[in-house]
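Asks: Before we start, here is the structure in question, set down as structure tokens.
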Amino acid sequence: MDLSTYHNRPIYGLIQKGYYDPISKKIKAIKGFDFNVKSKDWFIEAPLRMLFNVLDEEVAKDAKNLIVYGGTGKAARNWECFEVIVDTLMELKSDETLLIQSGKPVAVFKTFKHAPRVLISNAMLVPKWAEWSYFNELERKGLTMFGQMTAGSWMYIGTQGILQGTYETFAAIAQKYFSGSLEGKLVLTAGLGEMGGAQPLAVTLNGGVALIVEVDKRMIEKRISQGLLDTWTDNIEKALDIAISNIQKRKAISIGVLGNAAEIYEVIYRSGLVPDIVTDQTPAHDALSYIPAGLSLEQADELRSKAPEEYRKLALQSMKKQVEAMVGFKERGSIVFEYGNNIRKMAHEAGFERAFSFPGFIHAFIRPLFCEGRGPFRWVSLVGDPRDIYKLDEMVLSEFGSDLRITRWIEQARFKVKFQGLPARVCWLALGERARFAEKANELIKKGEIGPIWIGRDHLDTGSVASPYRETEGMLDGSDAIADWPILNALLNAVAGAAWVAVHHGGGVGIGYSIHAGVNVVLDGSEEARERAIRVLTTDPGIGVVRHADAGYKSAIDTAKKHGLKMPMLRG
Ligand code: NAD
């Protein structure tokens, strides 16, 4: 490739600094205080840095194909689009807004200073056409892109984001069923991908024994090298022996099992062993990502490209087999739940009528937190300094020290979480707490104690998702499939002054099954940043509380009243 074609382009500066190599397609997170954007505005430098961060090789699952996580969740439609997004951000003015249509930069409009600098819409389809086969056809024609939740909105922060979410889920189960700890308890799950990779450490942080089935040896090795997984074997008897002896000793350990979940779940079920908790995080939302039983990875790749329909059928049959075993475990007394990947629906489609015999994780464990406007809030040091994150840890411990769940997490995360790309921290904060965090963090920046900060949250949050098999499953008033809320969330956050806002279709559970929104806030120590952050970090969790209060949840109504949220239809 002739690099001279880049000489007159803004992106050339980043190529020269070694952040992007157009030949090998390697991307590194941008660090330091020097601006790369012409505007010298952190509200524009931040989306540029977060885009690079999600594609940093420590962060992304398959950066060469622009895939960040979650099966095929991408950050840009193709390399040409990536490069033009970068050029455009580098030249963008502080009163302009860049529009991204499914990973393609389509326009720049003059807006105004407090408006978002980037607006993103990913994978949106008119409902009648909203299914994978049609989506895949449009994607092959180069017209769209699957952005998952935080990939195509440039907000993914590596495995830590999901680590805390997964930790919170297992903590909630421990609280509900086992007096607060998983000591001496066995968790069976599958998938060590970008989301699933958090499962082993999340279980051991709660004191339990985790058995995780993964079909790809490279993913097992990756999780061991990251300190997320303790040990592994390709022999199921050996895995069960290690698990049982550690359960007896009440010692926390995570064991990877190399194999196919559809087969191994059945083997364990037949052995008569009843795990205390059973779930799964294979990429079941997309039949073309789930590896069918009996196929090696190479055979799966070949069949996928030669005969995708045949592949899909095999994958669905395997999911059916896996879900049959999961329902079997439930009948024998295990706590079984779907972990946000739509596997019940897939098994149902494959003909297993009792696939919905177990619940989704939000419905079963997380909704009470959503009613308080609590969800997966996170921040990143935009200059890439880990010390800034540790200073913010201290601030969180002093501000929110009376909340045991927060302190237990922060104290463990400081020592056990390795940073990937730009240093980041996630911590589930509620309505009120999020704005307070931003105000304190902005003061630290203003005093020069830390550098600029990005703040965001997973799309999987209190008021930003409509997903009837996940976040909005079993809503009190039956409003599971009402998708007005994420759209109102995005519109509200945009007018409140978010740095960038995204709306997506299909994240988590796949095309046809969800609509969701992402929000990004930037703190640079200025008064403008403080005002914008307080506004957005009130509207964003605020609409989550409103969504749940409107559905009739008593604790959400109490939270709305406590925070003085104005809901004209709420009387008394
Ligand atoms: P990923 O594609 O990064 O990883 C999936 C892993 O599963 C891979 O390592 C793959 O080798 C393995 N796998 C595939 N088929 C298998 C099989 N039959 N048996 C054993 N292992 C198999 O996906 P991810 O980002 O880890 O996400 C996993 C699923 O969770 C997706 O469906 C995603 O949409 C969903 N998800 C969950 C949450 C949540 O909060 N729980 C959030 C976002 C996404």
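Asks: In the neighborhood of Y177, defined by Cβ-to-Cβ distances under 13 Å, what is the net charge if each Lys or Arg adds +1 and each Asp or Glu adds -1?
Replies: 0
Asks: Using +1 on the beta carbon of Lys and Arg, -1 on that of Asp and Glu, and nothing else charged, what's the dipole of region 420-529 about the Cα centre, debye to 20?
Replies: Computed about the Cα centre, the dipole is about 300 debye.
Asks: So which GluC sites (Glu not before Pro) in region 8-68 pass both tests, a DSSP loop state and at most 10 other Cβ atoms within 10 Å of the Cβ?
Replies: none
Asks: Of W79, F361, A293, which is farthest along the charge dipole of the chain in the positive direction, counting Lys and Arg as +1 and Asp and Glu as -1 at C-beta?
Replies: Among W79, F361, A293, the one farthest towards the positive end of the dipole of the chain is F361.
Asks: Oh, and also: Hey, what angle do you get for helix 42-55 against the long axis of the chain, alpha-carbon based, 0 to 90 degrees rounded to 10?
Replies: 30 degrees
Asks: Apply the Karplus parameterisation 6.51 cos²θ - 1.76 cosθ + 1.60, with θ equal to phi minus 60°, to every residue of region 230-239 and state each ³J(HN,Hα) to the nearest whole Hz, in sequence, with x for glycine and proline.
Replies: These are the phi-based 3J(HN,Hα) values: 7, 8, 8, 7, 9, 10, 5, 4, 4, 4 Hz.
Asks: Another question about this same structure. Evaluated at 20 °C with a viscosity of 1.002 mPa s, what Stokes-Einstein diffusion coefficient in µm²/s does the chain have when Rh comes from the Kirkwood expression over alpha-carbon pairs?
Replies: For these conditions, the coefficient is 90 µm²/s.
Asks: Then there's this: Can you work out the PRE-style zone for E331? Point 7 Å along Cα to Cβ, and I want the residues of region 340-361 with backbone N under 11 Å.
Replies: Answer for region 340-361: 354.
Asks: Let me ask something else. Applying the Karplus parametrisation 6.51 cos²θ - 1.76 cosθ + 1.60 with θ = phi - 60° to the phi angles of region 547-563, what ³J(HN,Hα) value in whole Hz is obtained for each residue in order, glycine and proline being reported as x?
Replies: Working through the residues one at a time gives 4, 7, 5, 4, 7, x, 6, 4, 5, 6, 4, 4, 5, 4, 5, 4, 9 Hz.
Asks: Sticking with this one: Once R0 is set to 35 Å, what does the formula 1/(1 + (r/R0)^6) return for the Cβ-Cβ distance between N78 and Q412, expressed as a FRET efficiency to the nearest 0.05?
Replies: Working from the Cβ atoms, E equals 0.30.
Asks: About its Cα centre, what dipole magnitude does region 159-358 give when the only charges are +1 on Lys and Arg Cβ and -1 on Asp and Glu Cβ, stated in debye to the nearest 20?
Replies: Result for region 159-358 is approximately 440 debye, rounded to the nearest 20.
Asks: Among Q148, M50, I343, whose Cα projects farthest towards the positive end of the dipole of the chain, with charges put on the beta-carbon of Lys, Arg (+1) and Asp, Glu (-1)?
Replies: Of the options given, the answer is M50.
Asks: Which of the trypsin sites (Lys or Arg not before Pro) found in region 135-201 are loop residues per DSSP with 15 or fewer other Cβ atoms within 10 Å of their Cβ?
Replies: In loop regions of region 135-201 (DSSP not H, G, I, E or B), the sparsely surrounded trypsin sites (Lys or Arg not before Pro) are K141.
Asks: Hey, if you put +1 on the Cβ of every Lys and Arg and -1 on every Asp and Glu Cβ in region 438-572, which of Y469, V521, G564 ends up farthest toward the positive end of that dipole?
Replies: Looking along the dipole axis, the top candidate is G564.
Asks: Now, a different point. Would you mind working out the magnitude of the charge dipole of the chain relative to its Cα centre, with +1 at each Lys and Arg C-beta and -1 at each Asp and Glu C-beta, to the nearest 20 Debye?
Replies: Result for the chain is approximately 720 debye, rounded to the nearest 20.
Asks: Considering lysine pairs in region 294-398 that are 8 or more places apart or on different chains, how many have Cα atoms under 23 Å apart?
Replies: Number of lysine pairs found: 7.
Asks: Going through region 7-61, which trypsin sites (Lys or Arg not before Pro) have at most 15 other Cβ atoms within 10 Å and a DSSP loop state?
Replies: Taking region 7-61 and a limit of 15 other Cβ atoms within 10 Å, the loop trypsin sites (Lys or Arg not before Pro) found are K17, K25, K38, K40.
Asks: Still on this model: Kindly state, to the nearest 0.05, the FRET efficiency for L397 paired with A307, given R0 = 51 Å and r defined as their beta-carbon distance.
Replies: The value I calculate is 0.40.
Asks: Report, in whole Å, the centroid distance computed from the Cα atoms of region 358-424 and region 467-488.
Replies: 25 Å
Asks: According to the square roots a ≥ b ≥ c of the eigenvalues of the Cα gyration tensor, what is the shape class of region 177-277, taking rounded for a/c under 1.5, prolate for a/b larger than b/c otherwise, and oblate for the remainder?
Replies: Note, shape of region 177-277 comes out oblate.
Asks: Next question, about the same structure. Per DSSP H run of at least 4 residues, take -39500 (n - 2.57); add these up for the chain, divide by its residues and hand me the 222 nm value, nearest 500 deg cm²/dmol.
Replies: Here the helix-only value at 222 nm equals -13000 deg cm²/dmol.
Asks: When you count, for each residue, the other Cβ atoms within 10 Å and take the mean per peptide, how do 70-79, 91-100 rank with the highest first?
Replies: 70-79, 91-100
Asks: Ranking request for peptides 416-424, 435-443: highest mean number of other beta-carbon atoms within 10 Å first, then the rest in descending order.
Replies: Averaged packing, sorted descending, gives the order 416-424, 435-443.
Asks: Set the Förster radius R0 to 35 Å, insert the Cβ-Cβ distance between L476 and H563 as r into 1/(1 + (r/R0)^6), and round the FRET efficiency to 0.05.
Replies: Approximately 0.95, to the nearest 0.05.
Asks: Applying the Karplus parametrisation 6.51 cos²θ - 1.76 cosθ + 1.60 with θ = phi - 60° to the phi angles of region 370-385, what ³J(HN,Hα) value in whole Hz is obtained for each residue in order, glycine and proline being reported as x?
Replies: So the Karplus estimates, Gly and Pro as x, are 4, 5, 8, x, 9, x, x, 7, 8, 9, 9, 7, 5, 8, x, 9 Hz.
Asks: Let me ask something else about it. Subtract the Cα-Cα distance of K110 and V495 from 0.36 nm times their separation in residues, and report this length gain in nm to one decimal.
Replies: So the extension gain works out to 137.1 nm.
Throughout, read-outs are computed from the coordinates displayed, never taken from laboratory work. In this text the structure is predicted, and so the values were computed from the model without any measurement. As a convention, Cβ positions derive from the backbone with ideal geometry for all residues, glycine included, and neighbour counts pool all protein chains shown.
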